[in-house]
Structure formats: C-alpha cells, structure tokens
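One structure below.
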Amino acid sequence: MVLKEIFLTGGSGTLGTELIKNSEKFGVKFIAPSSSQCDITDRDSLYEHLAYFKGDLVIHAAAATDVTGIEKNPINAMKINVHGTINLIDLCHRFGKKLIFISTDYVFDGEKGNYLTTDLVNPVSKYAKTKTAAEFLVRTMSEFLIIRTSFFGHEFPYDQAAADQWSTKDYVDVIAPLVLEQCLTNKAGIVHVGTRKSSTYEKATRRKPDVKKVYLKDIPFKIPPDISLIMEEK
C-alpha cells in the first residue's frame, strides 16, 4: 500500500511526536526533519526540503510555546511563530501545497468560553499574539486549514489545578488523533479540536489523582477562566 506523505514541522515536539505515532493507524507517512536539519526561520533551509517533497500537504506544528518565557522576551517567538510561518506560506504557495497551521485556544481572552470559529479573537499573552498574527497571515492563502486546539503532555504537569477554569483541552494522546483526522479531510478555513468541556481539576485528576484543588483567586497570575471551544458537529 502506498502511504500518503505529509511534511511535518515540529515533529520532535509534544504534538508532532504523537502525530507520528498515529501514522500507521491513519495510513500516512510523515516527512519530519528535525529543526537542526530544517530551520523554518531560514527560508533557504526550508526551500531545500519542500522543493523535493512530492506530497501536497504540510502540517505546521512547530512553535515557540513557553508562555512565561515569551512574556519576558518575545523576539524568538516572533521569529519562529510569525517569521517561520511566513516562510511556510511563501513556499507552500510556490510549490502548490496545502498548509495546515496548528493554532491555539489562547487566541481568545477566555472571558466568555464556548468559542465558535467565527468569534472575534482577542489574544492576551504575547505568545497568543504571535500565534494570532500567524493565523491572520495564513488566512491570506487560497488554500489552508487552521486548527485551534490545546493539550497537555501524557501527564498533568502541575501539583495543583484550578477547579474554576474551563476548557476543551485534553492530553496529547487524545488530541493528536483528532487533529490528524481533521488534517486528512478536505476542509478549509478554521476548525476547533478538543474534547468535552470540563475543569482543569477534573482533567488533572484523570491522570494525577492526588493533584491539589485550587481556585483562580488563589493563583497569583492571570489565567483565562474559560477558553472552551465549540467543535463542528460531525
């Protein structure tokens, strides 16, 4: 059987690694050079890889995601999340590839929740602003898909979790197959990917039963209270 080839940026990242694990299940083969082999901020480096890629689908999952670090110094995130995306837009247009951009629920401010794909974005953090800027650039293309989603790793990473923060976020092994399923459709535009809306505490206890319950008022920095996404019905 001939497998469908997909070019993947960020293949060594949390989501990229899990997408590759699902390749056999979905009948695809990922071409996923490391960032040292293919630097998306270097157009010439990216050109060398995409010029020889015969498939028609590019999934752009590479990103700078250290929200706290980006708040202090956003320049590197701008290079990766914005300039790197511009390079991909340019070369996907040049070589006739469809670009699938992995975005985030943080394009919304989290004040109302239950966000539709048509709701106006209002990013708060500098990380979210770089991803939102990249979204708008991707939307200049004639053929694209933006997937807004959010995920933990395989385990809950903190010792405490807010009982009054809500989202459709889930663990990466749950989210990755849902993302790949959307990538293999003929959809264009923007889609939301997530699971059932629940509190961060509820999600945390599924894999870390001894996590401590806290509330947003107890946390010394601002956290969006509800970044839940409304998914398109199948």
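So the values come out like this:
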item	result
Charge-dipole axis of the stretch 17-58 as Lys and Arg at +1 and Asp and Glu at -1 on Cβ define it, positive-most pick from A32, Y47, I20	I20
R94 accessible area, 1.4 Å probe, all protein chains in place, Å² to nearest 10	140 Å²
Those aspartates and glutamates that a straight Cα-Cα span of less than 17 Å connects to K212, excepting residues fewer than 8 apart in one chain	E155, D159, D164, E202
All lysines inside 22 Å of K112 as judged from Cα atoms, apart from same-chain residues fewer than 8 positions distant	K126, K129, K131, K169, K197, K203, K217, K222
The stretch 36-110: chymotrypsin sites (Phe, Trp or Tyr not before Pro) falling in loop per DSSP and having at most 10 other Cβ within 10 Å	Y52
J(HN,Hα) series, the stretch 24-33, from Karplus relation 6.51 cos²θ - 1.76 cosθ + 1.60, nearest Hz, glycine and proline x	5, 4, 9, x, 10, 10, 8, 9, 9, x
Selection from P220, G194, T140 lying farthest towards where the dipole of the chain points positive, charges on Cβ	G194
Dipole in debye (nearest 20) - the stretch 130-234, about Cα centre, beta carbon charges: Lys, Arg +1; Asp, Glu -1	180 debye
Among I70, I89, I175, residue whose mean-square fluctuation peaks in a GNM of the chain (springs only between Cα atoms under 10 Å)	I70
For the stretch 99-113 versus the stretch 142-212, the gap between their alpha-carbon centres in whole angstrom	12 Å
Per DSSP, loop GluC sites (Glu not before Pro) in the stretch 130-234 with at most 15 further Cβ within 10 Å	E143, E155, E232, E233
Qualifying lysines (Cα of each under 17 Å from Cα of K97; at least 8 residues distant if same chain)	K4, K29, K54, K187
Accessible-area order (highest first, 1.4 angstrom probe) of the listed residues M231, M141	M231, M141
Cα-centre dipole for the stretch 1-131 with unit charges at Cβ (Lys and Arg positive, Asp and Glu negative), debye to 20	220 debye
Solvent-accessible area per residue, Å², over the chain with all protein chains present [probe radius 1.4 Å]	50 Å²
With every protein chain in place, the chain: carbon and sulfur % of accessible area (1.4 Å)	53 percent
Accessible-area ranking of K126, K112, K222, largest first, probe 1.4 Å	K222, K112, K126
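The values are calculated or read from the model by the stated rules, or taken from the named source; none is laboratory data. Since this is a predicted model, take the numbers as computed values, not measurements. Reconstructed Cβ throughout: ideal geometry from the backbone, glycine too, with neighbour counts over all protein chains shown. The protein model used for the area step is the full one, side chains on, heavy atoms only, and it has no ligands, DNA or RNA in it. Shrake-Rupley method; radii C 1.70, N 1.55, O 1.52, S 1.80 Å.
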